[in-house]
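No lab work stands behind these numbers, since they all come straight from the coordinates. Source: prediction; values computed, not measured. In this analysis, Cβ positions are derived from the backbone assuming ideal geometry, glycine residues included, and neighbour counts consider all displayed protein chains.
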Amino acid sequence: MLNQMRAEWLKISRRPMAWLLLVVFLATLLLKLGALFLVIGFHEGSFTGGDAKIQILREAELAQFRLQLGFPGIFGAILAHINGLGGLCAIILAAGTVGSEYDWGTMRLQLTRQPCRSKYLLAKIFVLFLTLFAGMLLALVFGASFGLLSSTLLNLPNRLQFSDLLLLPVTLFLAFLVLLPYVMATIAFSTLGRSLLAGVVGGMLFLTLDLSAGGTLAFLPKLDKTLNLIYQLLLQPNINTLVILNAQTYGLEPSRISQFNLEKLPSPLHAIFVITFYSLIFAGYAFYGFTKRDVLGPN
């Protein structure tokens, strides 16, 4: 198992696609924070000594943007990016980790060396999780460094406490949990379609349908308690719960700058249970399909 994990880590670390996704992920994070830096700077006249100001934001929006560039709010902004564009990158990386073996025709060769298919897939998934956590930690380092620089230049208030640092492992885990069902769905679709393309298309389609269902059916909780219960069993409302919880942990209020409807969202414990359930369903199919079905593809 350990030898297989080392081999998987070597493969994923040498794939240009993995590095490209990391560069895109980190670059867009810095661009996002850079845009906040410019908007706040022009709004308050920081670049002109206060002589000229471009004020296009409401005070509530400006306050939230200022918090996102200071500490500890910068952690909430980084976690939101992880659960935004990071989710798309995670889907592509998961499809590449599993599906590319079918496309390259190396799956059969690998299974002759590791006949236990469940251990082979488990090693792939575990290394994929480690890679995702590594990317999340790098995002924290880059984002926090940018936040420290920008908050100093703009004289933004920093209220970082030791308790905020202690909460980072918890909030990182919750951010990872938000990604988990989409990653596992992608792996399941990769094994179903036996290709990278099947994994990417299946994962993206599942993400799109989940977002659409969560937004389109948001009126159900207002109609009836039973319909509210059904709505809370969907994945997206539970995802929203953890995303908002992470933001609020670091003093942010997403409802001030977005259309987040915070009414009748599931509790955090309920959200963790439902998200884990969906993830286990997809994981179960992935393992069943991978261990029971024939491995096709090029020789």
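Positive-end ranking of Phe162, Ala134, Ser118 along the dipole of the chain, with charges on Cβ about the Cα centre, is headed by Ser118. Here the dipole of the chain is about 940 debye; that uses its Cα centre as origin and unit charges on the Cβ of Lys and Arg (positive) and Asp and Glu (negative). When the Cα positions of Leu172, Thr152, Pro254 are compared along the charge dipole of the chain, Leu172 comes out farthest toward the positive end, with charges on each C-beta of Lys, Arg, Asp and Glu. For the stretch 178-183, backbone phi angles converted through the Karplus equation (6.51, -1.76, 1.60; θ = phi - 60°) give residue-by-residue couplings of 5, 6, 4, x, 6, 5 Hz, Gly and Pro being listed as x. Put in order of Cβ neighbour count within 10 Å, fewest first, the listed residues Thr171, Thr152, Thr191 become Thr152, Thr171, Thr191. Available extension along the chain between Tyr288 and Thr152 is 43.6 nm, counting 0.36 nm per residue and deducting the alpha carbon span.
Here the Karplus curve 6.51 cos²θ - 1.76 cosθ + 1.60, taken at θ = phi - 60°, turns the phi angles of the stretch 32-41 into couplings of 4, 5, x, 5, 4, 4, 5, 4, 5, x Hz, with x standing for Gly and Pro. The base-10 log of I(q)/I(0) for the chain, evaluated at q = 0.14 Å⁻¹, reads -1.07 [Debye formula, identical scatterers on Cα atoms, solvent excluded]. The residue list Asn238, Met5, Ile78 was ranked by how far each Cα lies along the charge dipole of the chain toward its positive end, using unit charges on Cβ atoms, and Met5 comes out on top.
Checking the Cα-Cα distances for Lys32/Lys222; Lys11/Lys119; Lys124/Lys292 against a 24 Å cut-off, the pairs over it are Lys32/Lys222. Express in nm, to one decimal, how much length is gained between Lys225 and Ala63 on full extension, taking 0.36 nm for each residue of separation and deducting their alpha carbon distance. Extending this stretch completely gives an extra 54.7 nm.
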